[in-house]
Amino acid sequence: MTRTVRAAAVLCAAGVLLAGCTLFSGSEEPAGDDVTTIKLVTHDSFAAPQEILDAFQQQSGIRIEVLKEGDAGALTNKLVLTKASPIADVAFGVDSTFASRALAEGVFEPYTSPEADRGPQRYAIDPEHRLSAVDVGDVCVNIDTAYFAEKGLPEPKTFDDLADPQYKDLLVVENPATSSPGLAFLLGTVAKYGPQGWSEYWGKLKTNGVKAVSSWEIAYSQEFSGSSGKGPRPLVVSYASSPAAELAEDGKPRTKALLDTCFRQVEYAGLLAGGKQADKAGRVVDFLLSQQFQSTVAENMYVYPSREGVELPASWVQAAPQPPKPASLPGEEIQANRERWIEQWRGLIEG
């Protein structure tokens, strides 16, 4: 989920090839004259069932070549640095914490998909229609429920609870300078406490023993006691959907998300400005918004589909309900303050 560890496992199982590789080989590959290759640059967590990609190629005559460029932050940086000579035709995975930067830098060109009015329009952020919402992945604190039951501690529920001394040395977060969910959690605290109050809150977290690590993979898979890594800390910044991956043998989740700590993170796709195959590239965006692809995103990438009416896996109803009121901030505010807030955070936590 950044999701990379799980998504990569699903990716390999599904047979989707990684950066720079086409999606067909040998006798499966159609004749070159009949196929157009469109490059899709995305984040490391992208995963899609091979049969869905095969069906799209058969129906459209478009082969999708997948290129991977780290998490949402690294992907956005790459797109900005290469905008004069785009490395792909379509990009997917720039999220709502970085979209304002990509738009300000002119990375994308306008495109309105015929599928965009079937749910993605709820998350529209650009009047020029340069980005279409593909999925939603709310970032929230997750807890290891067994830990609190065994210790006889009440489960925390809110941001304020995380700074309570009874939860000292229990929380692990990601560095917002190097991690997309880490940045989303920082923005969630800004939304909660305001531009003047968030730093005081982080001071309380530091006093209470918060641990910051460089990535979601380290935080979740090595530090969090509720994951397979069985680390020492029962509180971690992850996703509202993470508990769906932590089901016990009886089908009940071993973890849960604290829905009062969530920050909405939306992932977008768009046509890269300056591309030479805009018509075909638009078909790939249409595919990412289609019922066929959208029905795969929950199980393959542990995110919620942006399209309305897509059925979620049965286990998600109990394990991964969507937060009713996740926090958010205007893209313009994020763009104007992101780097300054990160530097302030580093001074507080790393200084």
Net charge (Lys, Arg +1; Asp, Glu -1) of residues whose beta-carbon lies under 10 Å from that of Ser96, Ser96 excluded, is -1
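Per 0.36 nm of contour for each residue apart, how much would the distance between Thr207 and Gln322 grow if the chain were fully extended, relative to their Cα-Cα spacing?
Values: separation 115, 0.36 × 115 = 41.40 nm, distance 3.11 nm.
Residue separation times 0.36 nm, minus the Cα-Cα distance, leaves 38.3 nm.
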The simple spin-label model distance between Leu348 and Glu299, using points 7 Å out along Cα→Cβ, in nm, is 4.1
In whole percent, the fraction of accessible protein surface over region 39-154 that belongs to carbon or sulfur atoms, probe radius 1.4 Å, stands at 50
The size of the Cβ-based charge dipole (Lys, Arg +1; Asp, Glu -1) of the chain about the Cα centre, to the nearest 20 debye, is 760
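Take Thr82, Thr189 and sort them by solvent-accessible surface of the protein heavy atoms, 1.4 Å probe, largest at the top. Present the calculation step by step, with values, prior to reporting the outcome.
Details: Thr82 30, Thr189 0 Å².
Putting Thr82, Thr189 in descending order of accessible area: Thr82, Thr189.
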Of the convex hull drawn through the C-alpha atoms of region 242-324, the volume per residue in Å³ is 112
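Apply the a/c threshold of 1.5 to the C-alpha gyration tensor of region 156-233 and tell me whether it is rounded, prolate or oblate.
Working: a/c = 2.19, a/b = 1.33, b/c = 1.64.
It is oblate, given that a/c is not under 1.5 and a/b is not larger than b/c.
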The percentage of the accessible area of region 213-270 (probe 1.4 Å, all protein chains present) made up of carbon and sulfur atoms, to the nearest whole number, is 46
Result for the chain: accessible area per residue, probe 1.4 angstrom, in square angstrom, of 41
By the Cα gyration tensor axes a ≥ b ≥ c (a/c under 1.5 gives rounded; else a/b larger than b/c gives prolate, otherwise oblate), the shape of region 193-235 is prolate
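Between Arg122 and Gln58, what length in nm is gained on full extension when 0.36 nm per residue of separation is reduced by their alpha carbon distance? Provide the component values of the computation, followed by the final result.
Working: separation 64, 0.36 × 64 = 23.04 nm, distance 3.07 nm.
Stretched out fully, the Arg122 to Gln58 stretch lengthens by 20.0 nm.
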Rounded to the nearest 5, the percent of DSSP beta bridges in the chain running antiparallel is 60
Expressed to one decimal in nm², the mean projection of the alpha carbon convex hull of region 92-238 is 10.4
In nanometres, the difference between 0.36 nm per residue of separation and the alpha-carbon distance of Asp250 and Glu51 is 68.6 nm
Under the 7 Å Cα-to-Cβ spin-label approximation, Val80 and Asp164 lie apart by a distance in nanometres of 4.0
If the label point sits 7 Å along Cα→Cβ of Glu200, residues of region 141-176 with amide N under 20 Å come out as 158-165
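The values are calculated or read from the model by the stated rules, or taken from the named source; none is laboratory data. Please read these numbers as outputs of a predicted model, since none were measured by experiment. Cβ atoms come from the backbone with ideal geometry, glycine included; neighbour counts cover every protein chain shown. Each accessible area value is taken on the protein alone, full model and side chains, heavy atoms only, with ligands, DNA and RNA left out. Shrake-Rupley method; radii C 1.70, N 1.55, O 1.52, S 1.80 Å.
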